[in-house]
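Before any comments, here is the structure.
The values are calculated or read from the model by the stated rules, or taken from the named source; none is laboratory data. Computed from a prediction, not measured in an experiment: that's the story for all the values here. Cβ coordinates were reconstructed from backbone atoms using ideal geometry, including for glycine residues, and neighbour counts include every protein chain displayed.
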């Protein structure tokens, strides 16, 4: 009986599968089979009708495509090496991109006129499934934090190249992109607003966090104010700031010429600065408060003064926690900058609100997708920096 249970446990260990890979692979397969991969729109403003895999491609080609992805599903859930599994997932991603690009050419009539073809829900769910599987297997490599950044950049270059060579030219998303000549100008503005508010928040927030960790009185006075600022909705914050900034621009024309006005970049930067303070101040305070007291006492016993202890011992040890606060702020700012499009701040929010006003879904996506991409890249980059700081402490 014991031999039977032992053999059963050995068998179960041999056939054990990764639950994330199985779930994501099933999601991939059923998204292609049960959801529309494309949407046909008679014109730019209509919602359109979904086109499933077998609507887009002739029967035999559709069966072949489904069989290929079923084969990918079979390979992904098998106990292959991690590197080989990642390679299969990348091939599946490229195949999915090629599938919708060619499918748009099938769906569009020869005399298309104002007709458009948009990406359907099946494509987005399939992308989510492949990304989950890809991220799950990348984490299994247990590589250095820099490796994740390199992989993200490499994948961005790969799919950027596919778009650059014209694979998606027939899709309405690319048509919107080509119609918006100021796209890259708004991209630069989005990055500028995100970083221009972060830098002064770091300069002000870290010293404030240090003071809060040193004095309970300062902490009791600062944190209620920062908590109130954090709870104000972004649109309300922009509206509040428009009043004093408009007054300044009116009464001090020189400052107005420098860009300090009630609308535009100035209220966006000031509002984001206020939102950035709480995570940085709180993480700095917590990072310093949670330090091992014996390490600080040992530094004091070595003859270090308070300034030396702060810069040589305390801040380096608290760096991962402080950087986590900066990570929160950077990702948060990238998202809130989109709202600044309402007050003429520029950035990708311009396309989001323009698309909402025109009920043009693809124009909304033109602003939403790059915003999501920047936030994801910022998170991966900051995670890499945090990982390096932790390794430095361990060494």
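Entry remark, segment 58-83: residues being under 23 Å from residue 159 (Cα atoms) and either touching a helix residue (DSSP H, G or I) at 6+ places or on another chain (Cβ under 8 Å) or in the same structural domain as residue 363 (by TED's automatic domain parsing) (or both) number 10 in total.
Just one of the listed residues (335, 345) is at negative phi, in the same structural domain as residue 239 (by TED's automatic domain parsing) and not in a helix (DSSP H, G or I), and it is 345.
When 242, 304 are checked against the criterion of being at pLDDT below 90, part of a helix (DSSP H, G or I) and either surrounded by fewer than 18 Cβ atoms within 10 Å (Cβ to Cβ) or in the same structural domain as residue 346 (by TED's automatic domain parsing) (or both), a single residue qualifies: 242. Residue 155 meets all of the listed conditions (1) buried (at least 18 other Cβ atoms within 10 Å of the Cβ); (2) under 21 Å from the mean Cα position of the chain (by Cα) but one, namely (1). The one condition from (1) within 25 Å of the chain's Cα centre (by Cα); (2) not in a helix (DSSP H, G or I) that residue 230 does not meet is (2).
Is it the case that some residue within segment 321-328 is farther than 21 Å from residue 44 by Cα, buried (at least 20 other Cβ atoms within 10 Å of the Cβ) and modelled with pLDDT under 90? No, the conditions are met nowhere in segment 321-328. Against the conditions (1) modelled with pLDDT under 75; (2) surrounded by 13 or more Cβ atoms within 10 Å (Cβ to Cβ), residue 16 satisfies every one except (2). Residues in segment 166-197 that are surrounded by fewer than 22 Cβ atoms within 10 Å (Cβ to Cβ) and more than 28 Å from residue 97 (Cβ to Cβ): 192, 195, 196. Taking segment 49-64, which residues are surrounded by 14 or more Cβ atoms within 10 Å (Cβ to Cβ) and modelled with pLDDT under 80? Matches in segment 49-64: 61, 62. Got at least one residue in segment 176-183 being modelled with pLDDT of 90 or more and over 30 Å from residue 114 (Cβ atoms)? No, that holds for no residue. Here 233, 207 are screened, and the one residue that is out of contact with any helix residue (DSSP H, G or I) (no Cβ under 7 Å at 6 or more places or on another chain) and either over 30 Å from residue 291 (Cβ atoms) or not assigned by TED's automatic domain parsing to the domain that holds residue 331 (or both) is 233. A residue that is out of contact with any helix residue (DSSP H, G or I) (no Cβ under 6 Å at 6 or more places or on another chain) and free of Cβ contacts under 8 Å to residues at least 12 places away in the same chain occurs nowhere in segment 358-366.
Does residue 272 satisfy being in the same structural domain as residue 346 (by TED's automatic domain parsing), farther than 30 Å from residue 309 by Cα and either touching a helix residue (DSSP H, G or I) at 6+ places or on another chain (Cβ under 7 Å) or at pLDDT below 80 (or both)? So that I can check it myself, show each step before the final result.
On the way: in the same structural domain as residue 346 (by TED's automatic domain parsing): yes; farther than 30 Å from residue 309 by Cα: yes; either touching a helix residue (DSSP H, G or I) at 6+ places or on another chain (Cβ under 7 Å) or at pLDDT below 80 (or both): yes.
Spelling it out, residue 272 is indeed in the same structural domain as residue 346 (by TED's automatic domain parsing), farther than 30 Å from residue 309 by Cα and either touching a helix residue (DSSP H, G or I) at 6+ places or on another chain (Cβ under 7 Å) or at pLDDT below 80 (or both).
Hey, among 346, 335, 355, 262, which residue is surrounded by 19 or more Cβ atoms within 10 Å (Cβ to Cβ) and modelled with pLDDT of 85 or more? Give the steps one after another, and end with the answer.
Details: 346 fails: modelled with pLDDT of 85 or more; 335 fails: surrounded by 19 or more Cβ atoms within 10 Å (Cβ to Cβ); 262 fails: modelled with pLDDT of 85 or more.
355 is the lone residue from the list that is surrounded by 19 or more Cβ atoms within 10 Å (Cβ to Cβ) and modelled with pLDDT of 85 or more.
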